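Q: Please see the structure below; I have some questions.
The values are calculated or read from the model by the stated rules, or taken from the named source; none is laboratory data. Small disclaimer: the values here were computed from a predicted structure and weren't measured. Neighbour counts are summed over all protein chains in view; Cβ atoms, including those assigned to glycine, are modelled from backbone coordinates with ideal geometry. Side chains are part of the model used for accessible areas, which takes the heavy atoms of the whole protein and leaves out ligands, DNA and RNA. Shrake-Rupley method; radii C 1.70, N 1.55, O 1.52, S 1.80 Å.
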Amino acid sequence: MAIDVVVNQRHLQIQLKQLETVWHTVINGYNLSQAATVLHTSQSSLSKHIAALENQLKTEVFVRQGKRLTGLTTMGTALMPHIESIFAEIRTIENLSLDFNNPNIGTLTIATTHTQARYVLPQVVKEFKDRFPKVNLILQQADPETIAQMVIRGQADIGIATESLLHNNYLRCYRYYDWTHRVIVPSDHELASQESIDLPTLASYPIVTYHGGFTGRGAIDKTFDEAGLEPDIVLAALDADVISTYVGLGLGIGIIAEMAFEPSHYQNLTAIPVDHFGRFTSWMAVRDDAEIRQYGRAFMELCQKQFAN
């Protein structure tokens, strides 16, 4: 199968396979061996496709260091949005066909953070699997920026995160739910009886919270900084379970997302509401120029229904 791109002056003809090679090489980190594995072909075959495309374009698409590909040239960078759009359209056509012939069979890949996968999505996943038992559901956990890129590049159908999704021209976003932080302390801690805690008091204790870039950590740092306070972050982790464990051991007070506090799991801890760090919104995102399968839309509807009341 080939796609013809005809330019009057040069009669340029480009094969779809050549564009597919470029696309998979980029999304696999310029690793030809890995891209070849994904495409079920050989590395030498991909090299030939790249060489053929560059020969037709009369310029290089990739930056090279010896035999290694390390990035895109100016031409390659200009090509990528058009290549991604082509494959987005192909995926849309394929999805239309699959929905017509096998509406309840297929694979749905969700890229999300650990917090969403661990604390928010379990009930949605259960309801989805009850409704679509023949759909292979894949949860890919990553940081918010990687999640956005996975959706943009077609490696995931839906992305769910708080950061990095909304302000992206390639993504179409849907509100999921709003949340704030909680301070957690051992139940016998001197702050456990407080209904609220001011920032100077928080900053006077050792703090256990999220790693940078996750679950509102940027807002936590900014809030303390703007107040002229320098908190003592004694431990940073990706997982609220880890944070809760170390708070329980007396390492410090914790700051976690409100949905991540599970009283039944940590009966020795007390959660105190705080609004100093702002209110956040978790979003669901799909690629803006491609439609997902019907069961993907059903998954998103289940998510929105979860917080409808």
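Q: Among the residues of the range 118-135, count how many are open to solvent by less than 20 Å² (accessible area, probe 1.4 Å), of a type in the set (Phe, Trp, Tyr) and not in a loop (DSSP other than H, G, I, E, B). Lay out the reasoning, then the answer.
A: Of all residues in the range 118-135, those open to solvent by less than 20 Å² (accessible area, probe 1.4 Å) come to 120-121, 124, 128, 132, 135.
If we keep only those that are of a type in the set (Phe, Trp, Tyr) too, we end up with 128, 132.
Checking the rest, the ones that are also not in a loop (DSSP other than H, G, I, E, B) come to 128.
Adding up the residues that qualify gives 1.
Q: Here is a follow-up. Please specify each residue of the range 87-117 satisfying the condition of being charged (D, E, K, R) and buried (at least 16 other Cβ atoms within 10 Å of the Cβ).
A: If we filter the range 87-117 for residues that are charged (D, E, K, R), which is where we start, we get 89, 91, 94, 99.
Residues satisfying the conditions are 91, 99.
Q: Of (1) within 20 Å of residue 279 (Cα to Cα); (2) modelled with pLDDT of 90 or more, residue 166 satisfies all except one. Which?
A: It fails just one condition, (2).
Q: Only one of these conditions is not met by residue 164: (1) of a type outside the set (Lys, Arg); (2) open to solvent by less than 30 Å² (accessible area, probe 1.4 Å); (3) part of a loop (DSSP other than H, G, I, E, B). Which number is it?
A: (2)
Each row is one residue, and each column tells you yes or no for (1) touching a residue at least 12 places away in the same chain (Cβ under 8 Å); (2) under 23 Å from residue 305 (Cβ atoms); (3) more than 21 Å from the chain's Cα centre (by Cα).
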{"position": "87", "(1), (2), (3)": "yes, no, no"}
{"position": "93", "(1), (2), (3)": "no, no, yes"}
{"position": "97", "(1), (2), (3)": "no, no, yes"}
{"position": "116", "(1), (2), (3)": "yes, yes, no"}
{"position": "138", "(1), (2), (3)": "yes, yes, no"}
{"position": "147", "(1), (2), (3)": "yes, yes, no"}
{"position": "155", "(1), (2), (3)": "yes, no, no"}
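Q: Hey, could you check the range 16-39 for residues that are open to solvent by 20 Å² or more (accessible area, probe 1.4 Å) and small (Gly, Ala, Ser) and say which is farthest from the chain's Cα centre (by Cα)?
A: The qualifying residue farthest from the chain's Cα centre (by Cα) is 33.
Q: Considering only residues of the range 256-294 that are loosely packed, with under 14 Cβ neighbours inside 10 Å and hydroxyl-bearing (Ser, Thr, Tyr), which is nearest to residue 121 (Cα to Cα)?
A: Applying the filter and picking the extreme gives 281.
Q: Residue under question is residue 243, and the condition is that it be open to solvent by less than 70 Å² (accessible area, probe 1.4 Å), assigned to a helix (DSSP H, G or I), closer than 19 Å to residue 120 by Cβ and not polar (S, T, N, Q); does it hold? Spell out how you get there, then give the answer.
A: On the way: open to solvent by less than 70 Å² (accessible area, probe 1.4 Å): yes; assigned to a helix (DSSP H, G or I): yes; closer than 19 Å to residue 120 by Cβ: yes; not polar (S, T, N, Q): yes.
Considered against the rule, which asks whether it is open to solvent by less than 70 Å² (accessible area, probe 1.4 Å), assigned to a helix (DSSP H, G or I), closer than 19 Å to residue 120 by Cβ and not polar (S, T, N, Q), residue 243 comes out as yes.
Q: Please determine, by comparing only the residues of the range 199-240 that are small (Gly, Ala, Ser) and on the phi > 0 side of the Ramachandran plot, which one is most open to solvent (accessible area, probe 1.4 Å). If you could, list the steps in order and put the result at the bottom.
A: As a first pass, look at the range 199-240 and keep what is small (Gly, Ala, Ser): 203-204, 212-213, 216, 218-219, 227-228, 236-237, 240.
Retained after the next criterion (residues that are on the phi > 0 side of the Ramachandran plot): 213, 216, 228.
Working: 213: 47, 216: 4, 228: 69 Å².
Here the residue is 228.
Q: Looking at the structure I just gave you, is residue 297 open to solvent by less than 30 Å² (accessible area, probe 1.4 Å) and of a type in the set (D, E, K, R)? Spell out the reasoning first.
A: On the way: open to solvent by less than 30 Å² (accessible area, probe 1.4 Å): no; of a type in the set (D, E, K, R): yes.
No; evaluated as a whole, the condition is false for this residue.
Q: Shifting gears a bit: Looking at (1) surrounded by 19 or more Cβ atoms within 10 Å (Cβ to Cβ); (2) of a type in the set (S, T, N, Q); (3) touching a residue at least 40 places away in the same chain (Cβ under 8 Å), find the lone condition where residue 56 falls short.
A: With respect to (1) surrounded by 19 or more Cβ atoms within 10 Å (Cβ to Cβ); (2) of a type in the set (S, T, N, Q); (3) touching a residue at least 40 places away in the same chain (Cβ under 8 Å), residue 56 is out only on (1).
Q: Something else now. Taking interchain pairs and intrachain pairs at least six residues apart, which have beta carbon atoms under 6 angstrom, with the first residue in the range 285-309 and in a helix (DSSP H, G or I) and the second of a type in the set (Phe, Trp, Tyr)?
A: Matching pairs, first to second residue: 295/132; 299/128; 302/128; 303/176.
Q: Let me ask you something else. Specify which of the listed residues (188, 178) is without any contact (Cβ under 8 Å) to a residue 40 or more places away in the chain and of a type in the set (Asp, Glu).
A: Working: 178 fails: without any contact (Cβ under 8 Å) to a residue 40 or more places away in the chain.
From the options 188, 178, the qualifying one is 188.
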